[in-house]
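Encoded as structure tokens, the structure appears first; notes follow it.
The values are calculated or read from the model by the stated rules, or taken from the named source; none is laboratory data. Small disclaimer: the values here were computed from a predicted structure and weren't measured. Note: ideal-geometry Cβ built from the backbone for every residue, glycine included; neighbour counts use all protein chains shown.
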Amino acid sequence: MKIKNITALKNKYFLLRHGQTIFQKENRDKIYSDQEYLSLEITKEGRDKIAKQAQNLKEKNIDIIFSSPLLRAKQSAQIAADILGSQIIYDDRLVDIKLGEFAGQATSVYDDFFLINKLGLEQRPNGGENWVDILARMESLIKDVEQKYQNKNILIVSHGEPLWLWAAYSRGARTADEFLATRKGKENNLYPDTGDLIEL
């Protein structure tokens, strides 16, 4: 990765994870199937939390929203845009991690591969991505935004893995252990729950 110092960026970034889906509401122990990956909607609770976050963001004067085009993120971005009066730009680089052969399996499959065996920076599931792939997507997006805009307040609406990895990277994580030290349940947790906001 080439961006080494997040403070050198010309714009201010706010990272918002999409609203709650039925998977989070029911604590489903399952990785999204290919169809669910594309079509999951957010719940009423999810909508309400996104609306509350958007109200809190009003004082930040958000200029532009960049969003994943997956439905749960699109719905979240639209709620925020309606409240903030901001334009939405959808970008495929903000989609959720693609897990290939793991799709539809128990979440423990992800945990074993990425968390316990610490393979996220080295290997990919067949047909899927690893953390380096996601960081490359995020870096590409940020570089393009930085070339086009300056002194803007930008809201990025995406998914757990892309937002967590970028937040951790921007705060110095480079090794698997450093990324995992910012995972859920850790003292330096940077993994956003649904509807959570990270200010960089």
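Summary of values
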quantity	calculated
Residue within segment 112-121 that is touching a strand residue (DSSP E or B) at 6+ places or on another chain (Cβ under 9 Å) and either assigned to a loop (DSSP other than H, G, I, E, B) or under 23 Å from Asp196 (Cα atoms) (or both) present	no
Flag if Ala73 is over 21 Å from Leu141 (Cα atoms), among the aliphatic types (A, V, I, L, M) and either within 18 Å of the chain's Cα centre (by Cα) or in a loop (DSSP other than H, G, I, E, B) (or both)	no
Qualifying residue in segment 85-100 (condition: on the phi > 0 side of the Ramachandran plot and not in a helix (DSSP H, G or I))	yes
Residue within segment 166-176 that is surrounded by 15 or more Cβ atoms within 10 Å (Cβ to Cβ), touching a Ser or Thr at 6+ places or on another chain (Cβ under 8 Å) and within 27 Å of Lys49 (Cα to Cα) present	yes
Every pair of residues 6+ apart whose Cβ atoms lie under 8 Å, when the first sits in segment 12-31 and is without any contact (Cβ under 8 Å) to a residue 24 or more places away in the chain while the second is among the hydroxyl-bearing types (Ser, Thr, Tyr)	Ile22/Thr43; Phe23/Tyr32; Lys25/Thr43
Condition broken by Leu200, with the remaining ones in (1) modelled with pLDDT under 95; (2) within 24 Å of Ile22 (Cβ to Cβ); (3) touching a strand residue (DSSP E or B) at 6+ places or on another chain (Cβ under 6 Å) satisfied	(2)
Hey, Phe23 in contact with a Phe, Trp or Tyr (Cβ under 9 Å, 6 or more places away or on another chain) and either of a type in the set (S, T, N, Q) or within 28 Å of Asp111 (Cα to Cα) (or both) or not	yes
Unique residue being among the polar types (S, T, N, Q), on the phi > 0 side of the Ramachandran plot and at pLDDT 95 or above when the list is Asn117, Asn130, Asn151	Asn151
Test: residue in segment 143-151 that is hydrophobic (A, V, I, L, M, F, W, C), in contact with a helix residue (DSSP H, G or I) (Cβ under 9 Å, 6 or more places away or on another chain) and crowded, with 16+ Cβ neighbours inside 10 Å	no
Of residues in segment 144-182 being part of a helix (DSSP H, G or I), among the charged types (D, E, K, R) and over 17 Å from the mean Cα position of the chain (by Cα), the one farthest from Leu57 (Cα to Cα)	Asp177
Any chance Arg137 is within 21 Å of Leu16 (Cβ to Cβ) and part of a loop (DSSP other than H, G, I, E, B)	no
Any chance Gly104 is assigned to a loop (DSSP other than H, G, I, E, B) and under 25 Å from Ser76 (Cα atoms)	yes
Filtered residues of segment 11-27 (kept if surrounded by fewer than 15 Cβ atoms within 10 Å (Cβ to Cβ), at pLDDT 95 or above and either out of contact with any Ser or Thr (no Cβ under 6 Å at 6 or more places or on another chain) or in a strand (DSSP E or B) (or both))	Ile22, Glu26
Of all residues in segment 43-68 being without any contact (Cβ under 8 Å) to a residue 60 or more places away in the chain and among the aliphatic types (A, V, I, L, M), the one that is nearest to Ile198 (Cα to Cα)	Ala54
